[in-house]
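The structure under discussion appears below in the form of C-alpha cells.
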Amino acid sequence: MLELDNLRITQDDFSLTADMVVPQGATTAILGPSGGGKSTFLLALAGFVPTTGSLRWQGRDISAHLPAERPVSMLFQEHNLFPHLSIAPNVGLGLRADLNLTKAEKTAVEAALKRVGLGGRGADLPRQLSGGERQRVALARALLRNKPLWLLDEPFAALGPALRRDMLTLLEEIRAEQQATVLLVTHAPDDARAIAQNCVFVDNGRATPPVETETFFRQPTPAFKAYLGV
C-alpha cells in the first residue's frame, strides 16, 4: 500500500499537495490539465523531486530514500533506450548497470522480450524498431526489474489508437500477473476507462484521493467537467 500523508512538492513557484492511499495491486490513472503537475507528481514519488510530509510503502517511510532505493520502476513516453546498444542489453540494464549478466540473467532478458512479443529480437538496435516496439522494450526492462510500484508517464501517448490499445492491454495483463501497483499519467480519458480501476485528478496545486473509475466518470467533479469541456 502506498500512503501519502500531507505530501508537498515545491519547485520554484510550483506547489502540489497530496493526501491519499493508493490501492495496492491496481492501476490508478492520473489525469489533469497540461502543466498541472502530473509528471512532477510521479517524479516526486520516484525520489527525483524533493518533498515534505510522509511517503510510505507497506507501512515503511521511504521519503528520505534515494531513487535507486525505492520500490519503483518508471516508464516514460521517450522510452529512454540507448541507441548504441542492441535490444537485449537495453533490457539487461534493468538488472545490472554494468551489463555483466550471468547466464540466468541473460535467459531472464530473453524471457522478458518474449513476454512483450519481441522474442529473438535481442540483437536489433533501437533504430530498427517501430515506436511501439521500442516501448515494448522499455516495458520489458520495467518487467525485468520486478519492482512492485510502476510509475508510467504517458508511455504510449505517441502511438496510434490501435497500437496504444494493444500496449495498454499488455500492460494490464502484466500488472495483473505481477500484482503490481501502477500509477499511469494520461491525457486520454479513454485510456483510464480501459484499464484503470481508480482515478486521481491533479489540478490547482492538489492531487485528489483516488476514486473508483466508474464513479469518477459517472459523477464528475466540476474541475473534471471543465477539463473535459463539458
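The values are calculated or read from the model by the stated rules, or taken from the named source; none is laboratory data. Bear in mind that the values here come from a model prediction, so they are computed numbers and not experimental data. Cβ atoms come from the backbone with ideal geometry, glycine included; neighbour counts cover every protein chain shown.
Just a few scattered comments:
- Among the residues of the stretch 191-230, the one identified as among the aliphatic types (A, V, I, L, M), over 24 Å from residue 149 (Cα atoms) and not in a helix (DSSP H, G or I) is 230.
- Residue match in the stretch 111-129 (condition: among the charged types (D, E, K, R) and either under 30 Å from residue 33 (Cα atoms) or crowded, with 18+ Cβ neighbours inside 10 Å (or both)): yes
- Residues within the stretch 121-150 that are out of contact with any Ser or Thr (no Cβ under 7 Å at 6 or more places or on another chain), under 18 Å from residue 81 (Cβ atoms) and not hydroxyl-bearing (Ser, Thr, Tyr), tallied: 18
- Residue in the stretch 143-151 that is at pLDDT 85 or above and loosely packed, with under 14 Cβ neighbours inside 10 Å present: no
- Total residues in the stretch 36-50, condition in contact (Cβ under 8 Å) with a residue 40 or more places away in the chain and aromatic (Phe, Trp, Tyr): 1
- Scanning the stretch 169-190 for residues that are surrounded by fewer than 23 Cβ atoms within 10 Å (Cβ to Cβ) and assigned to a helix (DSSP H, G or I) yields 169, 170, 172, 173, 174, 175, 176, 177, 178, 189, 190.
- Only residues that are farther than 17 Å from residue 138 by Cα, of a type in the set (Ser, Thr, Tyr) and touching a Leu at 6+ places or on another chain (Cβ under 6 Å) were counted in the stretch 50-103, giving 2.
- Residue satisfying condition, being part of a loop (DSSP other than H, G, I, E, B), closer than 28 Å to residue 205 by Cβ and not hydrophobic (A, V, I, L, M, F, W, C), within set 36, 25, 53, 94: 36
- Extreme residue, surrounded by the most Cβ atoms within 10 Å (Cβ to Cβ), among residues of the stretch 194-205 that are over 27 Å from residue 112 (Cα atoms) and in contact with an Asp or Glu (Cβ under 9 Å, 6 or more places away or on another chain): 199
- Of all residues in the stretch 56-76, those that are assigned to a strand (DSSP E or B) and in contact (Cβ under 8 Å) with a residue 40 or more places away in the chain total 7.
Quick grid of which residues meet (1) more than 11 Å from the chain's Cα centre (by Cα); (2) over 24 Å from residue 216 (Cβ atoms):
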residue: 143; (1), (2): yes, yes
residue: 156; (1), (2): no, no
residue: 162; (1), (2): yes, yes
residue: 174; (1), (2): yes, no
residue: 179; (1), (2): yes, no
residue: 184; (1), (2): no, no
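- Single residue of the stretch 3-24 satisfying the filter (in contact with a Ser or Thr (Cβ under 6 Å, 6 or more places away or on another chain) and closer than 26 Å to residue 195 by Cα) that is surrounded by the fewest Cβ atoms within 10 Å (Cβ to Cβ): 24
- If you filter the stretch 26-39 down to residues that are farther than 21 Å from residue 54 by Cα and of a type outside the set (A, V, I, L, M, F, W, C), you find that the one that is surrounded by the most Cβ atoms within 10 Å (Cβ to Cβ) is 27.
- Single residue of the stretch 64-102 satisfying the filter (surrounded by fewer than 19 Cβ atoms within 10 Å (Cβ to Cβ) and of a type in the set (S, T, N, Q)) that is nearest to the chain's Cα centre (by Cα): 77
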